[in-house]
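Worksheet: the structure to be examined is printed underneath.
Here, each number is a calculation from the coordinates, and none is a lab measurement. In this text the structure is predicted, and so the values were computed from the model without any measurement. Please note: Cβ atoms are built from the backbone with ideal geometry, for glycine as well, and neighbour counts cover all protein chains shown.
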Amino acid sequence: MIDVLIIGSGGAGLASALTVKERGANVLVVGKSYPTASQTSMAQGGMNASLGNVTPDSIQSHIDDTIKSSHKLCNNQMVKQLCEDAPNSIKWLEKLGVPFDRTPKSKVAQRQLGGASSKRACYAQDYTGLKILHTLYDSCLKEGIEMLEEYFLLNLITEDSVVLGAIFLDIVTGEVKEIRAKNTIIATGGYAGVYKGFTTNSEGATGDGIASVLRAGGSVSDMEFVQFHPTALKSSATLISESARGEGGYLVNSKEERFIDELLPRDVVARAISAQIANGEEVFLDIRHLGEEKLLHLMPQEVHLCRLYENVDPIKELIPIKPVAHYSMGGIDVNNNLEVTGLKNCYAVGECSNAKIHGANRLGGNSLLEIISLGRLAGKNSVGGDCHRTKNNEQIYTNQLQENQEYIEGLFEEYPWERNFYEIQYELGSKFYKYAGVVRDNTELNNFLNELRVIKADIDNMGIGDKSRENNTNLVEFLQFKNSLEVGEVLLDSALVRDESRGAHYKRAFPNEDDKLYRVNSLYWIEDDVLQNRLVKVVD
């Protein structure tokens, strides 16, 4: 019997796995793709920790910046724990071998990101997430941690709200398999992929783990809060790291006029850029004044991406940019031990999880910190926590495996599918960006929500054209599309319910924060096949 099953092989999953292994338990990591393809590799700018290596800093300042950025929707206790653990998390990564940049005195180098009161983000050029991820992966291989790649999560196995493991599609063989475990950690990443064509996220960021929790009877929360990164390349939506602004880059309009303090929180900067675009201006990132030597030393990836995807040389030219969906603040609702609300023996961590750290707007540099610090916490708690069961879970029979096998088998039958889900997917991505983007309107949200629910109800008229059993990308993409509909419905409904503007959620008809009515977390779950919700008051 596996002690801990970890679903997701990005930074949060691998940090959890190493901690489980350190504590002497056996662990299995299962991922939809290979670990090095995870979203963690896209995090470029840095990882926050109040080391004070470059400018004066304190843990309390880090806490204050995080709470301020959250717009009072965070759990102060969890924020305090995260920020206090940050220096230890950097030491842990250094011990594993992460090659952070160094100061002339050989201390870990730090740069300033948006919303921070000092230079706090530890970095490795502009490849910070990639180098952390590769180091974690190498460490897992050294420790002999077992991994299964190309396994798509279909559903959690549950009995009386106790999670007994999960059911997967083996993408390579096309078989449906179940894996039982004493405890399960979900680390499947975020859901900004619903903004298809308008996101920095990979194709796989479709909220698979979040959808599986909803179907299993667990809860999700604060799904209306999606962070839009201010600087993505205009043509391709490829991320240009906040490090470009942290190192002194400017934001300018078509007249080459600066119009915003570049280091304000991301929600403020993204709205300012959107306002310029709405007024007919183009917006550019200007890093020419930083000089070729500095750019190639500190931001070689940004230079390469601009040349590759925009045909622009940022050493000599302005970089055309726009805000796009980047990070999911909401997700699977968890308590302070990272246990999933409504489910037992189940934890969630990373971008798929809502540990109430980011609130309405994530502080730049806190996402990498979260996956390491809380990843280690999830690993620790999954080994030390109580297991809820009355007998060996391998002896508990559920018919879920058979049901999942029959569903997948049904997709291979020769039905004349009436609708092409690919066309719908791209159309929905554009509409999410337009109607649930940087600026929102209730009428538009309501109309779009009704449209999405019609599409969701018509899912039986959609399917796959490729009937091959092995390595069927068409099948995986259809399953991801279904998950994005479930996640997207909650996103739109929660955005409609919140009649205020707070952080990344901005409504033109309700431009102010309303602490009296909406200093709350929006909780969603499914009961009798109907989506339910309630607003839960934030406790200081």
**Message:** What is the sum of charges, Lys and Arg at +1 and Asp and Glu at -1, for the other residues whose Cβ falls under 15 Å from the Cβ of Glu84?
**Reply:** -1
**Message:** Could you work out how much longer the chain between Ser117 and Asn420 gets when fully extended? Use 0.36 nm per residue separation minus the Cα distance between them, nm to one decimal.
**Reply:** 104.2 nm
**Request:** Give me D for the chain in µm² s⁻¹, whole number, from Stokes-Einstein with Rh from the Kirkwood sum over alpha-carbon pairs, 10 °C and 1.306 mPa s.
**Result:** 68
**Asked** Using the Cα atoms of the range 319-363 to build a convex hull, what is its mean projected area in square nanometres?
**Response** 4.0
**Asked** Cα-based Rg (one decimal) and Dmax (whole number) for the range 395-466, in Å?
**Response** 17.0, 52
**Request:** Of the options Ile455, Tyr524, Gln480, report the single residue whose Cα projects farthest towards the positive end of the charge dipole of the range 399-537 (beta-carbon charges: Lys, Arg +1; Asp, Glu -1).
**Result:** Tyr524
**Item:** Given charges at Cβ of Lys, Arg, Asp, Glu: the chain dipole, positive-most of Ser212, Gly429, Ala509
**Value:** Ala509
**Prompt:** Can you give the net charge of the other residues whose Cβ lies under 12 Å from the Cβ of Ile171, counting K and R as +1 and D and E as -1?
**Reply:** -3
**Request:** Please give the calculated 222 nm ellipticity per residue for the chain, where each DSSP H segment of at least 4 residues contributes -39500 (n - 2.57) and the sum is spread over every residue; nearest 500 deg cm²/dmol?
**Result:** -11500 deg cm²/dmol
**Request:** State the extension gain, in nm to one decimal, for the chain segment bounded by Gln77 and Asn335, taking 0.36 nm per residue of separation less the distance between their alpha-carbons.
**Result:** 91.8 nm
**Item:** Those residues of the range 295-329 whose amide nitrogen sits under 18 Å from the label point placed on Ser254, 7 Å along Cα→Cβ
**Value:** 318-323
**Message:** Sort 131-138, 414-421 by packing, meaning the average of other beta carbons within 10 Å per residue, with the highest value first.
**Reply:** 131-138, 414-421
**Message:** Net charge around Gly189, counting only other residues with Cβ within less than 13 Å of its Cβ (Lys, Arg = +1; Asp, Glu = -1)?
**Reply:** -3
**Prompt:** How much FRET efficiency would the formula 1/(1 + (r/R0)^6) give for Lys456 and Val172, where r is the Cβ-Cβ distance and R0 is 25 Å, rounded to 0.05?
**Reply:** 0.25
**Request:** Take each of the peptides 277-286, 13-22, average the number of other beta-carbon atoms within 10 Å over its residues, and list them starting from the highest.
**Result:** 13-22, 277-286
**Message:** Straight-line reach from Lys21: which lysines fall under 26 Å, measuring Cα to Cα and dropping same-chain residues less than 8 apart?
**Reply:** Lys32, Lys91, Lys95, Lys131, Lys142, Lys177, Lys182, Lys344, Lys380, Lys391
**Asked** Given 0.36 nm per residue, what is the gain on full extension from Lys537 to Ala278 after removing their alpha carbon distance, in nm?
**Response** 89.7 nm
**Item:** Beta bridges per DSSP with both ends in the chain, % antiparallel, nearest 5
**Value:** 70
**Message:** So, R0 is 51 Å and r is the distance between the beta-carbons of Glu394 and Ser236; what FRET efficiency does that work out to, to 0.05?
**Reply:** 0.60
**Prompt:** Modelled label-to-label distance, Glu427 and Gln60, 7 Å Cα→beta-carbon offset: nm?
**Reply:** 5.7
**Item:** Ile315 versus Val530: modelled label distance in nm, points set 7 Å from Cα along the beta carbon direction
**Value:** 6.4
**Message:** Charges on Cβ only, +1 for Lys and Arg, -1 for Asp and Glu, centred on the Cα centroid of the range 228-325; of Leu295, Gly248, Ala232, which one is farthest towards the dipole's positive end?
**Reply:** Ala232
